[in-house]
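Coordinate-derived values only; no laboratory data. Just so it is clear, the structure is predicted and the values come from calculations on it, not from any experiment. All Cβ positions, glycine included, derive from the backbone under ideal geometry; neighbour counts span all protein chains shown.
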Amino acid sequence: MAIPKYQYIKDELKHKIISGQFENGDKFYTEAELIEMYDVSSITVVRALNELANDGYIIRQQGKGTFVSRARKHKLVEFSDVEVFPAQNDQVQVLSIERGNDWQFLDKLGLKSHQFYYKIERVRKTNGITYIYHQSYIPEQYINANYPDLDYYSSIYGRFKADYHIHMNDEHFEEINELVFPTPQAIAAKLGIDPNFPAIRQLKTTQLESTGQILEYSETYKRGDFYKIKFISRDRDR
């Protein structure tokens, strides 16, 4: 599916802002600079900039220019998993990819009863130990049904970026983490642990910020001894 040029430019510029290439309040690219950078018409550039402004990333001031918004939304508290092993040892194995139409997952994805999704089942390993079991549910429109092999979807975020120019880490998401004890037997079998060994269940929904469309709903189980999180507080204007 071809990505409209304005959407491509908008996504690129949003990524530049979120990744820290511009500070809040910095002067942003001019229309002329963007026309030259992307070799597109002024109409395309103006639409991309207007959408960034509508989403709160930039402010356009007549006669002064375009600036990165000082009041744009930012996480007041950021958290991330802390890996307890060398990242270079991480391996992903795709177990299955199945097309589905179960009402409970259609509902979680905001899909209608006649629509479909794909369920991608994966495990992550380090040094031969399975420590994560992923179940990802993705609307059919974002899956290439002619994938050459299962490994094609070993990195779902990588596929979104390569195929649709969507940076999943930049999109809006909600995630719930909870301790599960005992671990369900089927999950314990996937992780190679005893059901009496604790696991962390992570439920995550990721939405396309520009439209609100749900891109992925995932259910992840992680071995308790491989789970550690770090919280960082930041000022809203930082």
³J(HN,Hα), Karplus 6.51/-1.76/1.60, whole Hz, each residue of segment 164-171, x for Gly, Pro: 10, 6, 10, 8, 4, 5, 8, 8
Over the chain, what is the relative contact order in percent, taking alpha-carbon pairs closer than 8 angstrom and at least six residues apart? 20
From DSSP H assignment alone, runs of 4+ in the chain each adding -39500 (n - 2.57), the sum over residues rounded to the nearest 500 puts [θ] at 222 nm at -7000 deg cm²/dmol
Check the straight Cα-Cα distances from K16 and name the lysines below 28 Å, setting aside those fewer than 8 residues away within the same chain. K5, K27, K64, K73, K75, K161, K204, K230
Within 10 Å of each residue's Cβ, count the other Cβ atoms and sort S154, S218, S96 from fewest upward. S96, S154, S218
Selection from Y164, S113, W103, by position along the positive dipole direction of segment 77-233 (Cβ): W103
For I120, I129, I193, what ranking results if the residue with the fewest other Cβ atoms within 10 Å of its Cβ goes first? I129, I193, I120
Helix 42-54 versus the longest principal axis of the chain: what angle, 0 to 90°, nearest 10, using Cα atoms? 60
If H172, H167 are placed from fewest to most neighbouring beta carbons inside 10 Å, the sequence is H172, H167
Relative to the longest principal axis of the chain, what angle (0 to 90°, nearest 10) does the C-alpha long axis of helix 5-18 take? 80
Let me know the charge dipole size of the chain about its Cα centre in debye, to the nearest 20, where only the beta-carbon of Lys, Arg (+1) and Asp, Glu (-1) is charged. 420
Among 98-105, 182-189, what's the highest-first ranking by average C-beta atoms within 10 angstrom per residue? 182-189, 98-105
